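Read the structure below first, then the notes.
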């Protein structure tokens, strides 16, 4: 499975998925800079050095590009969660690993995450329904982990779990807004700060 | 000074500023739902029960509406900061009061804050320059408070101050994304959870 979640042996010509991935990253950059409505496939084509027909061939319309970006973010969040949960024995270790994987995903695909949260209203219906269902599962699973840590007193036990969960997710998500590649500390260091702040080091 | 920062005795007819404020709130709701590019002054007029010429009379064009929303958010953040700083004797009390005021501002003007962060790219140049300068001052001032609390060990002393600062701001800002008026706990309770999580109760 590639970074974009597509199976490798699906009969597509070599390089198809890499090209597709580059196009989605370029599209995310254009949509982030200009907004989804104002961004054009012409600008996206210029951004990635391809023709407009090539953009249509590899992904499709502007709406398809946004839908694919949203699905990509959704897969990234789910995979960060699964990798993190599998990486720890205790709830505390799992939590730390989830924060680390989630921060890394936001930083790695910063433009995609920014577009996802800014343009939720514009995501085509089918993709939106799918990603909102994924987001609910993600929230519930993080919420269970938070509840376990509240039970042991590692997180404040009296606070309402949904607010604690959203506060922690917000801390990580907001990274898309301020992170500057090359100038900010790397993803592991950022995740470490989050865990230090939550006294879960 | 009204909620929108305008002086009361400025020669405007009675009700002018209230009407203006209602229009900005309605505009923020439309822009949040549909995006700035797709939203129209016709929809905004329908949202607030006024004519399109009335919208132009009270505020101006769609760009003026977005610029005013941004200035409003910026004034709200600055005023939350100033009120919070004035409310405490120690750094810890000041910090808690700033979090409380800031969370209350985000929750009170949720649509305005959402539009501000989603549509930064579309904000007219003059307003954008002003709000970005305000945002830097806000960040610096919160950063100083964080540094003081790191100095006393009330916040983790080894962590880089800019990341700690953005993590805390992100926790509060993200409230615009998940808060549901009437269903979520009130602003004071939400701020209390943030302080509990940071062990600054």
TODO: Look at residue B:106 and say whether it is in contact with a helix residue (DSSP H, G or I) (Cβ under 7 Å, 6 or more places away or on another chain) and more than 10 Å from chain A (Cβ to nearest Cβ).
DONE: yes
Task: Odd one out for residue A:131, checked against (1) free of Cβ contacts under 8 Å to residues at least 24 places away in the same chain; (2) surrounded by 15 or more Cβ atoms within 10 Å (Cβ to Cβ) - done: (1)
Task: Where a residue in the stretch A:177-201 is more than 10 Å from every other protein chain (Cβ to nearest Cβ) and within 20 Å of residue B:201 (Cβ to Cβ) and its partner, wherever it lies, is loosely packed, with under 14 Cβ neighbours inside 10 Å and at pLDDT below 95, with Cβ under 6 Å and at least six apart - done: none
Task: Residue among A:172, A:59 that is closer than 22 Å to residue A:31 by Cβ and more than 17 Å from the chain's Cα centre (by Cα) - done: A:59
TODO: Among the numbered conditions (1) touching a helix residue (DSSP H, G or I) at 6+ places or on another chain (Cβ under 7 Å); (2) part of a helix (DSSP H, G or I); (3) in contact (Cβ under 8 Å) with a residue 24 or more places away in the chain, tell me where residue B:147 comes up short.
DONE: (3)
Task: Qualifying residue in the stretch B:83-98 (condition: within 14 Å of another protein chain (Cβ to nearest Cβ), part of a helix (DSSP H, G or I), in contact (Cβ under 8 Å) with a residue 24 or more places away in the chain and surrounded by 22 or more Cβ atoms within 10 Å (Cβ to Cβ)) - done: yes
Task: Residues that are modelled with pLDDT under 95 and over 20 Å from the mean Cα position of the chain (by Cα), drawn from the stretch A:126-157 - done: none
Task: Residue that is surrounded by the most Cβ atoms within 10 Å (Cβ to Cβ) [pool: residues in the stretch B:156-167 that are part of a loop (DSSP other than H, G, I, E, B) and facing chain A (nearest Cβ under 7 Å)] - done: B:159
TODO: Would you mind finding the one in B:32, B:68, B:47 that is crowded, with 18+ Cβ neighbours inside 10 Å, assigned to a helix (DSSP H, G or I), within 14 Å of chain A (Cβ to nearest Cβ) and in contact with a helix residue (DSSP H, G or I) (Cβ under 7 Å, 6 or more places away or on another chain)?
DONE: B:32
Task: Residues of the stretch A:69-82 satisfying the condition of being within 21 Å of residue A:125 (Cβ to Cβ) and either touching a residue at least 60 places away in the same chain (Cβ under 8 Å) or more than 12 Å from the chain's Cα centre (by Cα) (or both) - done: A:70, A:71, A:72, A:74, A:75, A:77, A:78
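Table: residues versus (1) closer than 21 Å to residue B:131 by Cβ; (2) at pLDDT 95 or above.
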{"residue": "B:18", "(1), (2)": "no, no"}
{"residue": "B:46", "(1), (2)": "no, yes"}
{"residue": "B:54", "(1), (2)": "no, no"}
{"residue": "B:75", "(1), (2)": "yes, no"}
TODO: Taking residue A:149 as the residue in question, decide whether it is more than 7 Å from chain B (Cβ to nearest Cβ) and surrounded by 15 or more Cβ atoms within 10 Å (Cβ to Cβ).
DONE: yes
Open item on the list: Name the residue that is surrounded by the fewest Cβ atoms within 10 Å (Cβ to Cβ), counting only residues in the stretch B:54-65 that are in contact with a helix residue (DSSP H, G or I) (Cβ under 6 Å, 6 or more places away or on another chain) and in contact (Cβ under 8 Å) with a residue 40 or more places away in the chain.
Closed with: B:58
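The values are calculated or read from the model by the stated rules, or taken from the named source; none is laboratory data. Since we're looking at a predicted model, the values are computed, not measured. Cβ sites come from the backbone with ideal geometry, for glycine too, and all protein chains shown count toward neighbours.
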